[in-house]
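Working notes for the structure below.
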Amino acid sequence: MKKIARFFHGFVFIELTGEFPERFFNICRSRQIPLYEVATIKKDDKVIYTAQLRISDYFRIKPIAKKSHCIPKIRKKIGMPFFVKRYKKRLAFLFLL
């Protein structure tokens, strides 16, 4: 049920790099910004964190990223808002199916 709700609200996969990612996660938790499916990827000598979050929460993490000297990059956008935006001019095709 939660996955369906997340799909309708829309969510993004982010990739986080920077100096203090632990501080970023701690501040997100204190401000009650939920991060889903957090994972660590090691490439060469870098550590990259990946996570999922809602679209509305992505705009809330901008000041947190600046404060913790981290750079969040969107890797994938999933959900109904992105689907509607992509096929806004082709809505007639949906009704023909």
When the accessible area of the chain is computed with all protein chains present and a 1.4 Å probe, what percentage of it is carbon and sulfur?
59
Estimated vicinal HN-Hα couplings, Hz - the range 27-38 in sequence order (Karplus 6.51, -1.76, 1.60; Gly, Pro = x):
5, 4, 5, 5, 8, 6, 9, x, 10, 10, 6, 6
Theoretical gain in end-to-end length, residue 90 to residue 43 [0.36 nm per residue, Cα-Cα removed]
12.9 nm
In nm, what is the difference between 0.36 nm times the number of residues separating residue 3 and residue 60 and their Cα-Cα distance?
18.4 nm
Among 33-40, 64-71, 2-9, what's the highest-first ranking by average C-beta atoms within 10 angstrom per residue?
64-71, 33-40, 2-9
Given H placed 1.01 Å from N in the peptide plane, which residues other than close sequence neighbours of residue 10 have an amide H under 5 Å from its amide H?
80
With a 32 Å threshold on alpha-carbon distance, the violating pairs from 67/88; 46/85; 66/88; 2/67; 42/88 are 67/88; 46/85; 66/88; 42/88
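The values are calculated or read from the model by the stated rules, or taken from the named source; none is laboratory data. Only a predicted model underlies this, so the values are computations on that prediction, with no experimental measurement involved. Counting neighbours? That spans all protein chains shown, and the Cβs are built from the backbone with ideal geometry, glycine included. Remember, those area values only see protein heavy atoms, side chains included, never the ligands or the DNA or RNA. Shrake-Rupley method; radii C 1.70, N 1.55, O 1.52, S 1.80 Å.
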